[in-house]
Structures are given as C-alpha cells and as structure tokens.
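The values are calculated or read from the model by the stated rules, or taken from the named source; none is laboratory data. This is a predicted model, so every value here is computed, not measured. Note: ideal-geometry Cβ built from the backbone for every residue, glycine included; neighbour counts use all protein chains shown.
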Amino acid sequence: MPSPTMPDLVSSSAPVVLDTPLARHVLSGLSRQPRTLSSMYFYDEVGSRLFQQIMELPEYYPTRTEFGLLSRHRAAIAAALTPVDGAPLHLLELGAGDGLKTKILLRELLSNGADFTYAPVDISPSALQELSQSLSLELPTLRVQPLTAEYTAALPALSQVPGRKAVLFLGSNIGNFLPPDRLTFLQQLARHLAPDDRLLFGFDLRKDPRHIHAAYDDSQGVTAAFNLNLLTRLNHELQADFELEQWQHFPQYDPLEGVMRSFLVSRRAQQVHVGALGKTFSFAAWEAIHTENSYKFTLPQIEALAQAAGLRVQEVFTDEQHWFADVLLAPAE
Ligand SMILES: C[S@@+](CC[C@H](N)C(=O)[O-])C[C@H]1O[C@@H](n2cnc3c(N)ncnc32)[C@H](O)[C@@H]1O
C-alpha cells in the first residue's frame, strides 16, 4: 500500500511533477494549443553532437559563411573589441557551442597580446565541457571561465565585471527568439553594459527562401534527426514514450515574416505518456508541435532593433553575398 502522502505512480492520475526547468517547460508546452517546445532543449549530449554535424552539411550555409566573414574581418573585429587603453577585457559568449568560429577571434586577440578572459556560457554541459577541453589543448595560455547556464542567468554578474565587457552572440542564436522576447532580452542585456562595452551579434540575413529552406531540411536527414532527438530526450529524461517513427520533421520558411519554423508532426492519432509528469497527452493525426523559430533579418530591422534596445550599430561585417552579418553594437550615447 502506498502511504497516504505518496502518490501511487501506477494508478493515480495526480501529476507527479518532476520539478526541473525541462519538466515544467514540457508540461506547459504540451498543454497549450498550438503545442510548443523550445529549441533551447535540443542540446543534450546527442543534440550538441548532431548540431556539429549540421554545421558541416553542404546545405547549412550559416556556419561556413560566418566562419568566412570572421576570418576575413578578424583584425578589425579584434581591434574593435579590445580597449584602446590596454585595460582588461572580459569576453562573454552566450550559447558558445563548440566555439569553432570564436576560436578565430580568440587566436587573433591572443596574438595581439590582449589582456582578456574568455567566459563561454552554454545551457549544454557536454558542449561546454568539450569546448573547455579543446581550448586547453589548442590555446593553453587562454584564461577561460566557463558557465553552464541559461543566457539570462549569466547577465546579472556582468555588472560586477571590472574593465571592458564584450558580449559575443554568434551563429543565429538571436534568431531563435520571438520578436518581443528578442527585444526584452536585448534591453535586459543593455542594462548591464557600461558605455565602453561592446556586443558582437550574428544575424542570418534574408536571402533566397530556397537556400534557407534547404539549410533546415538537408538531404542526409541530419536536421530531422536533430529535431526528433528532442523526443528521445523527453523519453530518457522524463520517462516519456514517444514512438519516433510516428513523428516527422517538417520545416517551413515564411518569407513574409522572414522566419524558418520547424515542427514535429504526429503521423497518426496517438497518446503519449510522460511518466515524470504523470500525464498523458493526446495528439490528433497530423497535429504539430512547434519546436523552433529561426528568424532572418534585414539590415534596417537590425538598426531598428538596436535602437529600441538602447544600442547603436557601430559596424556591420558581412560576407560577399550578404548572407550573414556579424554586427558590432555599443550602448547608445
Ligand atoms: C545553434 S548553436 C550555436 C553555437 C555557436 N554560437 C555557433 O555559432 O556555432 C546554439 C548553442 O546555444 C546553446 N543554447 C541554446 N539556447 C540556450 C539558452 N537559452 N541559454 C544558454 N545556451 C543556449 C546551445 O546549447 C548551443 O550550444
């Protein structure tokens, strides 16, 4: 007999809520219509590996393009981030991932003799661990302060940092926010900046919708595996019973709003039990779970966003095709 205060996991329908951010998120995301799960939960160990494979795909232009533009403009970017008076620089990177492209800037700063600490932040412990290990091998003299955290959790400590801060937000991470959340996030970040601080933000620019679509629907099915891995993660971490073959990856680009949306679509009417929540969710045939937004930008939109957040665009670094931009921002005067 279970004790009166302990829920009976087998027969009770009372929720047995595992109180973690993931459990709370899944409960609210699958209880609402349309159903939504955040792309921030893609990055368990398998998800982080799959994203590294995505970055190497022929269709996935953002990494290659940003890598090229950072290589081309590395001297100008490093100079813009380094304080002229030789004061120490705190280089914070939000959502650092494997740091493939950041290493271009880190090498440039080290070779210039800049006095700086690199502080990568990522929600994925495995990505951060791999990054720290590779940095200690490849750039042994670099001072590294890694932090496993959600972006916003890393911001308050910024106000306490002496000297200049520079915040990197590379890739197209900023594109994952919905427009109102994007502005709130930037305003929140701007509150922790001093006039001499700098930001370098990656923006995937608008281009032929076919190129954008292909980048999220590659021919080898790696992006599909990446999206579906979210369900595998819920099976492992929340004792859910998603049958992966009953779900399909479906990406769609909306050229009016400039947003790539990814979905997981239920191939049939089905029920999914999430053990850690003590809850069963019913899905209709062809019902979708919205799992990712990836907004694409125009330069005037970036200018307007900066202005609304109390920032100003100092310089735009882009590639020859104008497919991607790394934008240097500073607090507005
Ligand atoms: C698309 S990858 C990009 C990685 C890297 N910035 C690049 O350009 O290659 C996104 C990274 O951000 C991390 N991430 C996603 N959402 C996050 C959040 N809300 N807080 C902290 N890290 C997050 C993921 O774990 C992943 O490593």
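So is residue 186 under 19 Å from residue 325 (Cβ atoms), within 16 Å of the ligand (Cβ to nearest atom), surrounded by 17 or more Cβ atoms within 10 Å (Cβ to Cβ) and in contact (Cβ under 8 Å) with a residue 40 or more places away in the chain or not?
Judged against the criteria, residue 186 is a match.
Give the range 179-217 a look and list any residue that's part of a loop (DSSP other than H, G, I, E, B) and under 20 Å from the mean Cα position of the chain (by Cα), or say none.
Passing the criteria: 206, 216, 217.
Does the range 42-60 hold any residues that are crowded, with 20+ Cβ neighbours inside 10 Å and aromatic (Phe, Trp, Tyr), and which are they?
Those that are crowded, with 20+ Cβ neighbours inside 10 Å and aromatic (Phe, Trp, Tyr): 42, 43, 51.
Does the range 137-155 contain any residue that is out of contact with any Leu (no Cβ under 8 Å at 6 or more places or on another chain), in contact (Cβ under 8 Å) with a residue 40 or more places away in the chain and either within 14 Å of the ligand (Cβ to nearest atom) or in a helix (DSSP H, G or I) (or both)?
Yes.
Looking at the range 111-129, is at least one residue part of a loop (DSSP other than H, G, I, E, B), out of contact with any strand residue (DSSP E or B) (no Cβ under 6 Å at 6 or more places or on another chain) and near the ligand (Cβ under 10 Å from one of its atoms)?
The answer is yes; a qualifying residue exists.
Among the residues of the range 160-178, which ones are assigned to a helix (DSSP H, G or I) and under 20 Å from residue 328 (Cα atoms)?
If the condition is that a residue be assigned to a helix (DSSP H, G or I) and under 20 Å from residue 328 (Cα atoms), then 173, 174, 175, 176 are the ones that fit.
Here are the criteria: (1) in the same structural domain as residue 302 (by TED's automatic domain parsing); (2) without any contact (Cβ under 8 Å) to a residue 40 or more places away in the chain. Tell me which single one residue 164 does not satisfy.
So the condition that residue 164 fails would be (2).
Each row is one residue, and each column tells you yes or no for (1) touching a helix residue (DSSP H, G or I) at 6+ places or on another chain (Cβ under 8 Å); (2) within 14 Å of residue 223 (Cβ to Cβ); (3) more than 11 Å from the ligand (Cβ to nearest atom); (4) modelled with pLDDT of 95 or more.
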site: 41; (1), (2), (3), (4): yes, no, no, yes
site: 55; (1), (2), (3), (4): yes, yes, no, yes
site: 59; (1), (2), (3), (4): yes, yes, yes, yes
site: 78; (1), (2), (3), (4): yes, no, yes, yes
site: 84; (1), (2), (3), (4): no, no, yes, no
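Return yes when residue 158 is crowded, with 18+ Cβ neighbours inside 10 Å, in contact (Cβ under 8 Å) with a residue 60 or more places away in the chain and within 20 Å of residue 115 (Cα to Cα) and no when it is not.
Criteria met by residue 158.
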